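Taking it in order: structure first as structure tokens, then the write-up.
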Amino acid sequence: MDANEPTHFNVLIAGTGLHESILAAALSKAGYSVLQLDSAPYYGTEHASLSLLELADWAAANSDADPSSSSPPDSLRRISQRFALSLYPVLLRAKGPAIDLLVRSKVASYLQFGLLGGIALWQSDGGGGGEGTGKGKAVRVPASKADVFNDPTLSLVEKRRLTKLLLFAAGDDSLEHDKVLAADPDTSFVDYLKKGFSLSGTVASSLAYALALCSSPTDAALPALQRLRAMIQSMGRYGPSPYLVGHYGGAGDLVGGFSRICAVWGGGQILGRPILPLDPSPTVGLPVPASQPPFAVHDKPPPPPAASTSDAPSDETRPLGIPVQLEEGQEPTMFTGDWVVTSPHLLSTLVPAHSSSMADPAPSSVPRTAHLIALLPSPISFPPPRRPEGATDDDADLDEPDSKLLVFPPGAFDERLGTCSALMVGSGTMSCPEGYYVLYLAAPVLSTTDSPAPTARALLSPYLDAPLLSPTPLDASSAEPSPPTPIEPLYSVAYLSPTPPDSPPSTASPSASTTSPSSSSLPANLLVTSSPTPASTAAALVDTLDALPPAVESAFWTIVGSRGRDEGVEFFARAPEGGTGAGGEGDEED
């Protein structure tokens, strides 16, 4: 690298996950010099969307991954690039902090979304609870007042009670009720539904697991009620579904959108190059110049970043360096930054001593989620939409999206697992070619006492067989369901995703990175990101994106400091009047 090339940035960010990419885009647009680094050859870190061959390579390099075969079939290898397979599937609520951020940041103009086609709950032959016999059926869950009244399986009394709950959960009166539930955290959501609204076990299970995505029968009532409220308030904004499915792999495409914003406003990214341990006392090179018009948001550059989390200069907060091996056989290039932000997945790379000092004496105690990605030649069986009484086949919606969510209650096939989500997407989401489907299974592991620990494939195989082998459910007016037609997955990868054991608590507050005992030995100007939503819960599917914006904004202000706030630095500020900005940004549109 040229010795005269600038190598000092306001912020170095190790990792390209959602948290890191949103923060990089916000800082870059605010006028700070930013460089993102990732040793992986693709964007996304744990939120990556991979081609089929990239997924196979990832599985081969991951000790927790278990592919169905050493290599995908040749017929799939030839079309590998037409798949966008997400390591961390997420759904976007049609109303909430995440979609507001996409609009505010202009990232929405780079992305495409489709509606989720429907939500169904697996009901075992033994009833609506979790003690399944291995046999059952998928039943579409009513999520709106219209759905409730069109559901012939509900009695008139149940319809009234369910409608009362939905109206209550969506109304402002329920906000006061939250205080009552907060004072009684031991109340479970299932008991709350049964006692507070006299709902039957089957209806209560549908609400708790399919709509509120509780992980177990003991999940607290308050957060579950808040998730139900958020879902109801999202209904009707863009269509009948409260959830949007991101195209081209979902989370990975979101990362790509924010990375583009970062680059357009002057930030940089280096991927696929080995990252070496952090240097606490590096030689600081030439600083990267401030963004120039039309990429400058302000008339003058923003003030320097805060010196530390206490916003006061300190010897402990001198610039930090990250050596990067840009060329094999060459000396590593030292990039320096006033601040360093790292994904927990790269913390052990940057600070090996810190990682070894935090060795978990009981790895089995780390919450884990079992995942399985399966490529299918045909869609899984899914109940059709409920039609109003008297409707004919001509009235059926033939254009229903090909993305569906099937939810299995906790313990449906394995008592060690909580609620299992089965998200199916088709070619309408641009995640796979025409004629193929992708099925994502994910379930939190509730029991970790087994020795040896079960594999993800062993835990999820019964859930994979259930939707594939079950007959297509028919209407109440239909006679008998047809015999099940087995679907053989073309290729699949199962894996366990742990909460990284070497990550300190989330830096949601400015002092979190310095007051936590686990991170007290880290430099004061090193921030470690972490998911504000526990990844080992079923609700992570819908909560992850909405929980990120406030966590990222908190980290943004930690870096910018009070002086930057006082001088007008904004978190995703609007472009100046008449400026071209990021790709010719104009007025915001919802």
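Highest mean first, how do 72-84, 23-35 rank when packing is the count of other Cβ atoms within 10 Å averaged over residues?
Taking the mean over residues of other Cβ atoms within 10 Å, the ranking is 23-35, 72-84.
When a/c reaches 1.5 or more, the comparison of a/b and b/c decides; with that in mind, is the range 33-172 rounded, prolate or oblate per its Cα gyration tensor?
Oblate is the answer for the range 33-172, as a/c is 1.5 or above yet b/c matches or exceeds a/b.
By how many nm would the segment from Ala3 to Ser155 lengthen if fully extended, with 0.36 nm per residue of separation less the alpha-carbon distance?
Computed gain between Ala3 and Ser155 is 47.0 nm.
Arrange Tyr192, Tyr248 by Cβ neighbour counts within 10 Å, fewest through most, would you?
Fewest-to-most Cβ neighbours within 10 Å comes out as Tyr248, Tyr192.
So, in nm, how far is label Ser75 from label Asp465 when the simple model puts each one 7 Å beyond its Cα toward the Cβ?
The modelled label-to-label distance comes out at 2.4 nm.
When a/c reaches 1.5 or more, the comparison of a/b and b/c decides; with that in mind, is the range 227-277 rounded, prolate or oblate per its Cα gyration tensor?
Verdict is prolate for the range 227-277.
Give the calculated FRET efficiency between Val103 and Asp566 to the nearest 0.05, with a Förster radius of 30 Å applied to their Cβ-Cβ distance.
0.65
So for His371, His247, fewest C-beta neighbours within 10 Å to most, what's the order?
In order of increasing Cβ crowding within 10 Å: His247, His371.
What is the gain in length, in nm to one decimal, between Asp191 and Leu167 on full extension, counting 0.36 nm per residue of separation less the C-alpha to C-alpha distance?
6.7 nm
Among 407-419, 107-119, 533-545, how do they line up by average Cβ neighbours within 10 Å per residue, starting with the highest?
Descending mean neighbour count gives 407-419, 533-545, 107-119.
For the range 1-94, what class follows from the C-alpha gyration tensor (a ≥ b ≥ c being the square roots of its eigenvalues): rounded when a/c is under 1.5, otherwise prolate if a/b is larger than b/c, else oblate?
Cα axes put the range 1-94 in the prolate bin.
Rule-based calculations on the coordinates, nothing more; no lab input. This one's a predicted model, so the numbers in the text were calculated from it and none came from an experiment. No Cβ is skipped: glycine too gets one built from the backbone with ideal geometry, and neighbour counts run over all protein chains shown.
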